[in-house]
Amino acid sequence: MKRPFQIAALAAAAFSAAMVSGGALAQANEIRIGIMMPLSGPAARSGQETLEAAKLAYDIVNGSHDIPLPFAKTRGIPSKNGAKIRLIIEDHGGRPERGAAIAERMITQDKVHILQGAFHSAVAAPASQVAEKYGIPFVTGGSESPALTERGFKTFFSVTPTANDIARDFFTFIQDMAREKNVKLRTLGVIHVNDNWGSSLAQASERMYRQYGFEKLTTISYGAQVSDLRSEVLKLKSDTPDVLLQASFDSDAILAVRSYQALAFTPKAILAMGASFATPDFIKALGKNADYAFSHTKFDAALIQKRKAAGDVSRMFEQRTGKAIWDAPAREFTASMTIADALQRARSLAPKDIVAALRETNIDGADTISPYKGVKFNEQGQNILATGLITQIQSGQHYPVWPKELAVKEYVFPAPAWDKR
Amino acid sequence: MKWLPVAFLVALAVYPLVFTQPFPQHVVIMALLFAALGTAWNILGGLAGQVSFGHALYFGVGAYTTAWFYKAFGLSALVTWPVALAISTLAAVAVGLPTFRLRGHYFVLASVFIMQAVYIVVSNWGALGAAIGLELPVHRPTGALDALWHLQFHLSKLPFYYGALALFVATLAAFEWIRRSRLGLLFVALREEEDAARSLGVDTMRHKLLALIVSAAFTTLCGMFYAQYVLYVEPVSTTSLTISVEIAFIAIFGGVGLLWGPTLGAFVIIPLTELLRAYLSGHIGLGLSGTRGSGIMATLNYLAAGGGGQVDILLYGLLIVLIARFQPRGVLGFFRKLD
Amino acid sequence: MIYAQVLVDGLIVGLMFALVAMGLSLIYGVMNIVNFAHGEFMMLAMYLCYFLWVGLGLDPIASAPIAAAVMFGFGVILYRLLARYLLGASMIAQMFATFGLLLFFQALANFLWKADARTIGDNWSTGLLNLGGLYFNGPEMVAAAGALVTALALFWFLNRTETGLCLQATAEDPQVASLMGINTDRMYALAWGLSAATIGVAGALASTYLAITPLVGANWALPAFVAVAIGGFGSITGAFWGGIIIGLVQTAGGFFTSPSYKLLFVYLLFLVVVLVRPHGLMGKR
């Protein structure tokens, strides 16, 4: 009976070794930032590209680059003796309990100074709960759930606008359009993927639609792994919404618009949250049916004209990934630069000093690559200067059309019917 | 071989005193949780021979009941466990009555369909947070009793660890007790020759229901634990087919019908998954996966760094197929042969 | 008019489910095994068509015969490597084996091709037909027509050819069939091949309008399992009508309440049917 004993002993030894290992060796004069992203699973591609943007930002900070960004020309964080930033990266695969566990490991074993992430709000929530317990700051560049900052945590900072801000932008824009083009709008339609992200838009719309002049609201949601949206579109069409708000993933967006066209469903405007209605794949797959769709985004190539560093960053990102920079990576880039800025101002690298420095952040939007007016946090940790921009696809290209100070083209409203394009 | 389980339990008991970092403790807590889940599943699946892919329902009942009551009234699982168990029992009866009349594949498929139906309902149910779920408020305990009342212990994992250990041991005990009892013998009859048992007057429905109720109860307790431990409950990670499959899979992998089967399954798979993920994270994160480039080298690079992910599931799927083909009694079945 | 649209859409998706369900029922009828990985054959066929389209510019409709042939071979190989050994095994072993296949193929697709959804763009089936307010979408019409043709071909094969009749004989009683000189091993392989081929065709047809992800087979084809269960495992005709019914129930249910719940009606229908007839409407075993 020796074999079972040997196997058991071997297993126990391997297990213990594995448990104790891992935990990056902390070196002197470096600043450790723990970043968690979905690097596997359905959001893997977005997660990876968002991560690349953060890496790019910290590489710029750590090295010397001739770019009109703060910290680009210096090496490392000047006030901390040029300490370099080291990223500790982990994949949470979209699972909330993993987010919490990863946060805890990064804090207790990797001894990170700051946590960053997590793309999915459902993961950011428990992860930042752990951070709050340990007093470690957690900065999110892209998790848009309003609930995150409504918790009133002392260590949580959201650089991005929330779904509430996005809905408010949409409604303001729609009101402006309706007034300028003298169109009466009664019914609002919302179609969204039934997950944390999509539902936030639906909830925000439910709260706000009446105060912006709509009388009726029809909401359709669909499961995240849907392959076909015909029944959803059929239902939507029967309620005849004047304007449609949409929160979809890349492939759903294509499926949806195809179904709209196939069933001759033409709302006067389609406004999409996020980047899925502005990707090259979307435009390529739909051709002229992609035109006139609006997207609320936090980055557009046209920003290069309005933000001095956007061109350089865009170019560097494309060199690294082969892709143009877009909404989510751009936001993470800005969040990373916000972190660098706070590290510079922090009196020391102790958690409460970094938290205090974050709280006092006041960055001008012109020094970022985002359309935000700036970065300034309220007591709940929400960036109150965060805004987005609305782009519209015209002739296969997307252009910012709102707000006026960032607009490059005039918008077209209402959208012509599918067969008249 | 008799000493092995004892040594194992002793090792578990002292583990957190040796490995004091939260993360190693977390891994074993999750392993214990899944071992308990797998063992609870095994009561229905292994003993009574009814393979269910719908157990996440009971897990979700435990998780959501706890979350809802805590968010609404500040009452933790310490107080609300009877409610959770009551709902769980009702659900078990509601599911069992119609589906236990089905034989073979119909039962299994029915469990899948019911699971999907439940997921649809839960992920659209506003009061439960729909797709967003429920976040349990963090509470900074003001003392030991307060911590116990809220089942929140600030940074310490020890209470959760020993709680999970207790749950694990209790589930094992329940399994073994049933197996050795008269009920267990009846289950063997049910499993092997249901028709014969029926013709002898055994009320198979009543006994199947009993198995399900017990199995569901322990699964619900695990759900309650999960809610208090993670403090975030949402449909995909608690009440989905994915979770049902994970639970069943751990039991299948380790050995259906054998007491220590699910435990072996859990303690192999959970740590392995964690390690694989950490290893691959590092590689993907450091850019070895290469989000750009094409050609043979780039493709090989991409695959070597974990490709699109889910390498662990790839291996498990392959393992299950091999096990089913060569040793349907699971991994433990290999060891049993040596006895 | 919109009700007529619901009917049309329900029939279209129902025909696709019918085809998928028939393949599933075929294996069960012959071997008493539920192939949980059935949907994954569809997924693999869809990826095949996608890569043929990207690489060779081949229209998915034209790829359908290729998909059928490739999947047929695939099904036979799977039989020889695995399914053959499951014949005498317990139900649990059979289930775990095909379930393991499901996990394996999903993870393999995810590993090789990532989870990003792919879509096939315009092809010759693209187009829209508007008959007095009733909209017929090209890709889906072609898919439904193709499904119907394939289903009829399968029926014809099973009932009017000698091999098909041998297959049915094996399904009825393998021992007697083998005593009559039928090579049951060949029949089993044939069943797997045919099953994979038919769902392969369904995949090829669907790739013109569905988004292709590693999970597309499992998600989209789940109602087909319900269809087989309702129609009765082992009955090809039952599977066909089960598919049609499910398609109609899904579309109508979603339309009259909310699309989020469309699958709920499918599952409820299953419960109702099996409560009344535990072996499905036309099931044998």
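The values are calculated or read from the model by the stated rules, or taken from the named source; none is laboratory data. None of these values were measured; they are calculated from a predicted model. Using ideal geometry, Cβ is built from the backbone for each residue, glycine included, and neighbour counts are taken over all protein chains shown.
For the reader, a short list of remarks on this structure follows.
- Test: residue in region A:242-250 that is buried (at least 23 other Cβ atoms within 10 Å of the Cβ), at the interface with chain C (Cβ under 8 Å from one of its Cβ atoms) and within 20 Å of C:Asn123 (Cα to Cα): no
- Here the helices (runs of 4 or more DSSP H) wholly within region B:95-204 that include at least 3 residues being within 26 Å of C:Val34 (Cα to Cα) are B:104-124, B:182-192, B:194-199.
- Among the residues of region A:178-209, those that are within 14 Å of another protein chain (Cβ to nearest Cβ) and of a type outside the set (Gly, Ala, Ser) comprise A:Val190, A:Ile191, A:His192, A:Val193, A:Asn194, A:Asp195, A:Asn196, A:Trp197, A:Leu201, A:Gln203, A:Glu206, A:Arg207.
- For region A:128-175, a residue qualifies if it is under 15 Å from A:Gln203 (Cβ atoms) and of a type in the set (Gly, Ala, Ser), and the qualifying residues are A:Ser145, A:Ala147, A:Ala163, A:Ala167.
- Listed by first and then second residue, the pairs linking a residue in region A:210-223 that is facing chain C (nearest Cβ under 7 Å) and within 25 Å of A:Asp195 (Cα to Cα) to a residue that is part of a strand (DSSP E or B) and not aliphatic (A, V, I, L, M), with Cβ atoms under 9 Å apart and 6 or more places separating them unless they lie on different chains, are A:Ile220/A:Gly189; A:Ile220/A:His192; A:Ser221/A:His192; A:Tyr222/A:His192.
- When A:Ile88 is tested against (1) at pLDDT below 95; (2) more than 10 Å from chain B (Cβ to nearest Cβ), just one condition goes unmet, and that condition is (2).
- Considering region C:73-98, the residues that are assigned to a helix (DSSP H, G or I) and at the interface with chain B (Cβ under 7 Å from one of its Cβ atoms) include one that is farthest from B:Ala48 (Cα to Cα), namely C:Tyr85.
- Matching entry among A:Gly93, A:Gly34, A:Gly41 (being at pLDDT 90 or above and under 27 Å from the mean Cα position of the chain (by Cα)): A:Gly34
- Residue in region B:74-89 that is outside any loop (DSSP other than H, G, I, E, B) and within 14 Å of chain A (Cβ to nearest Cβ) present: no
- Enumeration of residues in region A:272-294 that are modelled with pLDDT of 90 or more and either of a type in the set (D, E, K, R) or closer than 14 Å to A:Gly388 by Cβ (or both): A:Ala272, A:Met273, A:Asp291, A:Phe294
- Of all residues making up region A:226-241, the number that are acidic (Asp, Glu), surrounded by 24 or more Cβ atoms within 10 Å (Cβ to Cβ) and more than 28 Å from the chain's Cα centre (by Cα): 0
- A:Arg151 vs. criteria surrounded by fewer than 20 Cβ atoms within 10 Å (Cβ to Cβ) and either at pLDDT 95 or above or within 13 Å of chain B (Cβ to nearest Cβ) (or both): yes
- Pairs meeting the criteria (first residue in region A:52-81 and within 14 Å of another protein chain (Cβ to nearest Cβ) and closer than 16 Å to A:Phe317 by Cα, second residue surrounded by 18 or more Cβ atoms within 10 Å (Cβ to Cβ) and β-branched (Val, Ile, Thr), beta carbons under 6 Å, at least 6 apart or on different chains) are A:Glu52/A:Thr321; A:Ala54/A:Ile35; A:Tyr58/A:Ile85.
- When every residue of region B:97-107 is checked against the conditions, none turns out to be surrounded by 23 or more Cβ atoms within 10 Å (Cβ to Cβ) and in contact (Cβ under 8 Å) with a residue 60 or more places away in the chain.
- In this entry, A:Ser128 passes the filter for residues that are in contact with a Ser or Thr (Cβ under 9 Å, 6 or more places away or on another chain), within 21 Å of B:Leu155 (Cα to Cα), within 12 Å of another protein chain (Cβ to nearest Cβ) and in contact (Cβ under 8 Å) with a residue 12 or more places away in the chain.
- Residue that is farthest from the chain's Cα centre (by Cα) [pool: residues in region B:107-151 that are of a type in the set (Val, Ile, Thr) and more than 8 Å from chain C (Cβ to nearest Cβ)]: B:Thr142
Per-residue answers, yes or no, for (1) touching a strand residue (DSSP E or B) at 6+ places or on another chain (Cβ under 8 Å); (2) buried (at least 21 other Cβ atoms within 10 Å of the Cβ); (3) not small (Gly, Ala, Ser):
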position	(1), (2), (3)
B:Phe23	no, yes, yes
B:Ile43	no, yes, yes
B:Val61	no, yes, yes
B:Gly74	no, no, no
B:Ala77	no, yes, no
B:Ser88	no, yes, no
B:Ala94	no, no, no
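- Residue match in region A:294-301 (condition: surrounded by fewer than 20 Cβ atoms within 10 Å (Cβ to Cβ) and within 14 Å of chain C (Cβ to nearest Cβ)): no
- Taking the listed residues A:Lys376, A:Lys420, the one that is of a type in the set (Lys, Arg) and surrounded by fewer than 16 Cβ atoms within 10 Å (Cβ to Cβ) is A:Lys420, with no other qualifying.
- Per-region count, region C:185-236, residues within 15 Å of C:Phe105 (Cβ to Cβ), within 14 Å of chain A (Cβ to nearest Cβ) and in contact with a helix residue (DSSP H, G or I) (Cβ under 6 Å, 6 or more places away or on another chain): 7
- Every condition in (1) assigned to a helix (DSSP H, G or I); (2) buried (at least 24 other Cβ atoms within 10 Å of the Cβ); (3) of a type outside the set (Val, Ile, Thr) is met by C:Phe36 except one, and the failing one is (1).
- Near pairs, Cβ below 8 angstrom, 6+ apart or cross-chain, from region A:375-402 (without any contact (Cβ under 8 Å) to a residue 12 or more places away in the chain and closer than 21 Å to A:Phe138 by Cα) to any residue that is buried (at least 21 other Cβ atoms within 10 Å of the Cβ) and of a type outside the set (S, T, N, Q): A:Ile384/A:Phe377
- Within region C:1-22, residues that are touching a residue at least 60 places away in the same chain (Cβ under 8 Å) have Cβ atoms under 7 Å from residues that are charged (D, E, K, R) in these pairs: C:Asp9/A:Arg230; C:Ile12/C:Glu140, counting only partners at least 6 apart in sequence or on another chain.
Every residue, every condition in (1) within 14 Å of chain A (Cβ to nearest Cβ); (2) polar (S, T, N, Q); (3) free of Cβ contacts under 8 Å to residues at least 12 places away in the same chain, yes or no:
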| position | (1), (2), (3) |
| --- | --- |
| B:Val6 | yes, no, yes |
| B:Val10 | yes, no, yes |
| B:Ala31 | yes, no, no |
| B:Phe34 | yes, no, no |
| B:Gly38 | no, no, no |
| B:Thr66 | no, yes, no |
